[in-house]
1. Quick check on residue 76: is it touching a residue at least 60 places away in the same chain (Cβ under 8 Å) and surrounded by fewer than 17 Cβ atoms within 10 Å (Cβ to Cβ)?
2. Where in the stretch 75-145 are there helices (runs of 4 or more DSSP H), lying wholly inside it, with at least 1 residues that are farther than 30 Å from residue 25 by Cβ and touching a helix residue (DSSP H, G or I) at 6+ places or on another chain (Cβ under 9 Å)?
3. How many residues does the stretch 38-51 contain that are exposed (fewer than 10 other Cβ atoms within 10 Å of the Cβ) and either touching a residue at least 40 places away in the same chain (Cβ under 8 Å) or not in a loop (DSSP other than H, G, I, E, B) (or both)?
4. So which of 99, 65, 110, 117 is closer than 17 Å to residue 8 by Cα and at pLDDT 95 or above?
5. Within the bounds of the stretch 56-65, is there any residue that is farther than 17 Å from residue 18 by Cα and touching a helix residue (DSSP H, G or I) at 6+ places or on another chain (Cβ under 6 Å)?
6. I'd like the full set of residues that are surrounded by 15 or more Cβ atoms within 10 Å (Cβ to Cβ) and closer than 12 Å to residue 65 by Cα, limited to the stretch 21-37.
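The values are calculated or read from the model by the stated rules, or taken from the named source; none is laboratory data. Treat the numbers as computed from the prediction; the structure is a model and nothing was measured. Neighbour counts are summed over all protein chains in view; Cβ atoms, including those assigned to glycine, are modelled from backbone coordinates with ideal geometry.
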């Protein structure tokens, strides 16, 4: 995908792993990381036998991470997971606080420094990462109280 869309990979709002690593000029590492993460998630699911909602959370976030382009609007795919939650845990709140930052703010901030280029360029990806990490650390049904 870098061959055909090199600038799209680093455009702010591309929340894929390939987009994150493209900001460091190594998008192929993003592909490799996606493969490793996919294998790790299959092992996690096989070993822990989580509930369907946990599997769905992993699947949705993983699909966004491993696709070459995962625009900010695609984070809407995680909303049904959040809406099913009866009592949000801290990681849900942090992820949602990231997701509700208006994209024009991200466009303004990501240009200010190299750090901002990476941090704000992949800003919504951090929310996805927090949601996935919280789900994995929880190891039980994320809908349980």
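1. no
2. Numbers: elements: 79-84, 90-99, 103-109, 114-119, 123-138.
Per the criteria, 79-84, 90-99, 123-138.
3. Kept after step one, since they are exposed (fewer than 10 other Cβ atoms within 10 Å of the Cβ), are these residues of the stretch 38-51: 46-47, 49.
The next check asks that each one be either touching a residue at least 40 places away in the same chain (Cβ under 8 Å) or not in a loop (DSSP other than H, G, I, E, B) (or both); those that pass are 46-47.
Residues flagged as exposed (fewer than 10 other Cβ atoms within 10 Å of the Cβ) and either touching a residue at least 40 places away in the same chain (Cβ under 8 Å) or not in a loop (DSSP other than H, G, I, E, B) (or both) within the stretch 38-51 amount to 2.
4. Matching residue, one of 99, 65, 110, 117: 65.
5. yes
6. Of everything in the stretch 21-37, those that are surrounded by 15 or more Cβ atoms within 10 Å (Cβ to Cβ) and closer than 12 Å to residue 65 by Cα turn out to be 21, 30, 31, 33, 34, 37.
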